[in-house]
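The values are calculated or read from the model by the stated rules, or taken from the named source; none is laboratory data. Source: prediction; values computed, not measured. Positions of Cβ are generated from backbone atoms using ideal geometry, with glycine treated the same way; all protein chains shown enter the neighbour counts. Ligands, DNA and RNA are stripped out before the accessible areas are found, and what is left, the full protein with its side chains, is counted by its heavy atoms. Shrake-Rupley method; radii C 1.70, N 1.55, O 1.52, S 1.80 Å.
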Amino acid sequence: MADDKKKTNEANAMWGGRFASSPAALMEAINASIDFDKRLADQDIRGSLAHSDMLAAQGIIGAADRDAIHAGLAEVRKDIEAGTFTFSTALEDIHMNVEQRLKEIAGEPAGRLHTARSRNDQVAVDVRLWVREAHDRAIEQITGLMRALVALAEHNTDTVMPGFTHLQSAQPVTFGHHLLAYVEMLGRDRSRFRDSRRRLNESPLGAAALAGTSFAIDRHATAKALGFDGPTRNSLDSVSDRDFILEYLSAASICAMHLSRFAEEIVLWMTAQFGFVRLSDRWTTGSSIMPQKKNPDAAELVRGKTGRVYGALFSLLTVMKGLPLTYSKDMQEDKEQLFDAADTLELVLAATTGMVEDLEAVPERMSAAAGAGFSTATDLADWLVRSLNMPFRDAHHVTGRLVAEAERRGVGLEDLPIDAFQTVEPGITSDIYAVLGVQNSVRSRKSFGGTAPDQVATQIAWWKDHL
């Protein structure tokens, strides 16, 4: 007997740390979710209020029981909001913690609350309510960031900067046009969140454990009370579906990727080599050893935190990929990923909005860089096509020879003398100089959605109307 006890203690010690005392401690630690799902307290109480209202309306519980439940839940909510509620890991989750406290307050009526429902449909409705609110917060924040970008673009409709492909100077564009590209991206992000929100807005409450219930419940009533468009149509899918979280995480991941791309540009633009923008000390830090440094740490962290959002999506996809119908405890792993991703997205959206509102362009640096690398070569080729009726491929070849000549002389295309142009192509006239400056280049890009200042102003006006 003593030997058996010794062996058990040795085995327990192998688990290490605070779990060495007993298997029960380890099981409690792996099974409990209250440390993170206590964030669902408000949603859990709202679901219980709607459920008990419906039970009373259907005659399943009495009005006095309903009133006692409602009064008790009001006390529970008050305790939680005041920070005086004691959460217990022994009670596993937010549902049992609330129910136990309700029992202490309301007595016997508390035991009637769980009639015709299960923790399976209870958690499903709680998380849907939370994710719906996360969608709303994301949509509001994205809209705010879009407005900030549009305002900055409006101040820079004719600020010329280099446009890049392969991070090489390609053609001159306006800074306002560049900023509106991110407004377009964020507009798609906002649309994805809106679309996902519409799809998730069905109530699983009443699906019970997995098969529905024999009680004469009214699922349409509880769905309406909780702001859903209606109840879900299949009880099995109701308790096992986590697509609505995956869709939120997918939209969040794409949005975080867009924010990361913008953050990367801020990091580049703030280098001494670019010098295109300035950020105040609110969004930068210094160096512990190099006094000249002004590091764009906020932008770098926006870029870096993207991985956390991606990780949440991949983690939950991995959890869900092998689960048969219906509920499995694996699904408890959805909440930490969801909460962390939502917190991260909301943080980086706020930080990016703050940086945009603080961002100051340096037009002289942008303009100087815009003309580098023979960025108006395409304007030259287009002029040859328009003015000399030259096939574009031939114009491309002629332009290439002229670029080579300008490079040999160490000047820009706009500084080549007319005889140099005519040596390569006799038909070229002095009219060519009208298209070679960067300002002339951007003003000429008047196609719909182009970089010409008047087009940028048109798009800004459109966005202001739609935001």
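The C-alpha atoms of the chain define a longest principal axis, and helix 41-57 lies at about 50 degrees to it.
Sequentially through the stretch 323-328, phi angles give Karplus couplings (6.51, -1.76, 1.60; θ = phi - 60°) of 8, x, 5, 10, 7, 10 Hz, Gly and Pro residues having no value and appearing as x. Highest average first, the peptides 87-96, 349-358 ordered by how many other beta carbon atoms sit within 10 Å of their residues are 349-358, 87-96. The phi torsions of the stretch 237-249, fed into the Karplus equation with coefficients 6.51, -1.76 and 1.60 and a -60° offset, translate into couplings of 5, 4, 8, 10, 6, 10, 4, 5, 6, 4, 5, 4, 5 Hz, rounded to whole numbers, with Gly and Pro shown as x.
Magnitude of the charge dipole for the chain, about its Cα centre and with charges confined to Cβ atoms of Lys, Arg (+1) and Asp, Glu (-1), is about 340 debye. Solvent-accessible surface of the chain, taken per residue with a 1.4 Å probe and all protein chains present: 48 Å². For the stretch 25-113, a simple Cβ point-charge model (Lys and Arg +1, Asp and Glu -1, everything else neutral) yields a dipole of about 160 debye relative to the Cα centre. Farthest towards the positive end of the charge dipole of the chain, among the residues TYR310, LEU152, ALA134, is the Cα of TYR310, using unit charges on the Cβ of Lys, Arg, Asp and Glu. One decimal place: the segment ALA461-ALA404 gains 16.4 nm when fully extended, by the rule 0.36 nm per residue minus the C-alpha distance. Using Cβ point charges alone (K and R +1, D and E -1), the dipole size of the stretch 369-466 about the Cα centre works out to roughly 240 debye. Axis angle, to the nearest 10 degrees, between helix 392-409 and the longest C-alpha principal axis of the chain: 70 degrees. Beyond 22 Å, the tail of the calculated P(r) for the stretch 369-466 holds 33 percent of the Cα pairs. Surface calculation, 1.4 Å probe, protein heavy atoms: SER367 sits at approximately 50 Å² accessible. Seen from all directions on average, the chain presents a Cα convex hull projection of 33.8 nm². In the stretch 25-113, taking the dipole from charged Cβ atoms about the Cα centre, the farthest positive-side position among SER48, GLY83, ALA63 is held by ALA63. Here the chain has 52 percent of its accessible surface on carbon and sulfur atoms, given a 1.4 Å probe and all protein chains in place. Inverting the pair-averaged 1/r between distinct Cα atoms of the stretch 215-345 gives 18.1 Å as its Kirkwood hydrodynamic radius. In the calculated pair-distance distribution of the stretch 62-123, the portion above 13 angstrom amounts to 62 percent of the Cα-Cα pairs. Two numbers describe the Cα atoms of the stretch 348-412: Rg and Dmax, which are 18.6, 53 Å. The amide H of THR285, built 1.01 Å from its N in the peptide plane, has ASN295, ASP297 as neighbours under 5 Å, considering only residues 5 or more places off or on other chains.
Here the contact order of the stretch 208-290, divided by its residue count and restricted to Cα pairs under 8 Å and six or more residues apart, works out to 18 percent. Against the longest alpha carbon principal axis of the chain, how many degrees, from 0 to 90 and to the nearest 10, is the axis of helix 334-358 turned? Helix 334-358 sits at roughly 40 degrees to that axis.
Ellipsoid semi-axes for the stretch 25-113, based on the Cα gyration tensor and the rule √(5λ), read 25, 13, 11 Å when sorted largest first.
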